[in-house]
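Engineer: Handing you this structure, nothing more for now.
All of the numbers you see were taken from the coordinates with simple rules; none came from a lab. Computed from a prediction, not measured in an experiment: that's the story for all the values here. As a convention, Cβ positions derive from the backbone with ideal geometry for all residues, glycine included, and neighbour counts pool all protein chains shown.
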Amino acid sequence: MNKSTYITLFIFSAIAFTSCRDKGEKNTSVVVKHSGALRTIMSGNIQHVISLDTLSEKHLYALGAVDNLKGEIQIFDSKPSNSFVVDSRLQIKDSYSLKAPLLVYAQVEEWDSFQVENSKTKSDLEEQIFEIATNSGINTEKPFPFLLEGTVASLDWHVINWKDGDTIHNHKKHKESGLNGTLANKKVQIIGFYSTKHKAVFTHHTTNMHMHFKTDDNVIAGHIDDLLLNQTITLKLPKQ
């Protein structure tokens, strides 16, 4: 093999390596991280396991519960809309000076948009999100974040405000401990995390999704208990 052939092979190998590296970087999956677990909270341990001010990621999306279950955490593109019950009234704060017994989060720089149609119930939505994610190339064997934007027919929500000293936990008591209500025909932004393998960790045992929301005017934000759709809504998934 002459010198010219060696040079040609070297250049080809360098180009191939660079191409593969670039391709790998472009297709790097978004990593969903979590601290704490629902099963731990339900056992009565509601002490914090993470501080929000330790998270420095840009384009951060997160949901969770405030230390001692005194509120709900919602972060959209690094902008918190955390909700609390103060004097029986709902307050929204944008602070990172919080600690959490449960937090699910991911860094997402770019999203692809899809239209969710012919979904009415939460179960319909769950099935369609899974189908769209699979068809768009997302590895649904791993957890992934998603956004929903648009008008919902109705949305049942709550913001927890757990009674000090109460060690008996269930979803009904969580919902009723603070404030709860139902929105009708409201425009909302929803942050959610989907996983088929994290029941009792960061999704409840009856669903593969955990979702929080805020209204477009940022007046109400919190945990989603149920929702109904009556028209097309925009689904956003991490860009592949």
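Engineer: Taking a point 7 angstrom from the Cα of ASN218 along the C-beta vector, which residues in the stretch 132-160 have backbone N less than 13 Å away?
Structural biologist: Label zone hits: none.
Engineer: Between the helical axis of 122-135 and the dominant principal axis of the chain, each derived from Cα atoms, what acute angle in degrees is found, rounded to the nearest 10?
Structural biologist: With both axes taken from Cα atoms, the answer is about 10 degrees.
Engineer: Would you mind checking which residues have amide H under 5 Å from ILE233's amide H? H placed 1.01 Å from N; only 5 or more apart, or other chain.
Structural biologist: Result for ILE233 returns VAL116.
Engineer: Any chance you could give the angle, 0 to 90 degrees and rounded to 10, that helix 3-26 forms with the longest Cα principal axis of the chain?
Structural biologist: 10 degrees
Engineer: Compute the projected area of the convex hull of the Cα atoms of the stretch 33-238, averaged over all viewing directions, and report it in nm² to one decimal place.
Structural biologist: Orientation-averaged projected area of the Cα hull: 10.3 nm².
Engineer: Continuing with this model, one more query. Checking the a/c ratio against 1.5 first, then a/b against b/c, what shape does the Cα gyration tensor give for the stretch 121-203?
Structural biologist: oblate
Engineer: Farthest toward the dipole's positive end in the stretch 86-220, which of LEU147, TRP157, SER119, given Cβ charges of +1 (Lys, Arg) and -1 (Asp, Glu) about the Cα centre?
Structural biologist: Of LEU147, TRP157, SER119, it is TRP157.
Engineer: Moving on. With charges set only on the Cβ (+1 for Lys and Arg, -1 for Asp and Glu), what does the dipole of the chain come to about its Cα centre, in debye to the nearest 20?
Structural biologist: It comes to approximately 500 debye.
Engineer: Please turn the phi angles of the stretch 183-196 into ³J(HN,Hα) values with the Karplus equation 6.51 cos²θ - 1.76 cosθ + 1.60 (θ = phi - 60°), one per residue in order, whole Hz, x for glycine and proline.
Structural biologist: So the J values, rounded to whole Hz, are 8, 10, 6, 10, 7, 9, 10, 10, 10, x, 10, 10, 7, 8.
Engineer: What does the charge add up to near TYR105, with Lys and Arg as +1, Asp and Glu as -1, over the other residues with Cβ less than 9 Å from its Cβ?
Structural biologist: 0
Engineer: Which entries of LYS120/LYS186; LYS163/LYS187; LYS142/LYS236 show an alpha-carbon separation above 24 angstrom in the structure shown?
Structural biologist: LYS163/LYS187
Engineer: So what's the back-of-envelope 222 nm ellipticity for the chain, counting only DSSP H runs of four-plus at -39500 (n - 2.57) apiece and dividing by all residues, rounded to 500?
Structural biologist: Mean residue ellipticity at 222 nm (helix-derived): -6500 deg cm²/dmol.
Engineer: Run the numbers on the chain and let me know its relative contact order in percent, using alpha-carbon pairs under 8 Å that are six or more apart.
Structural biologist: RCO, the chain: 25 percent.
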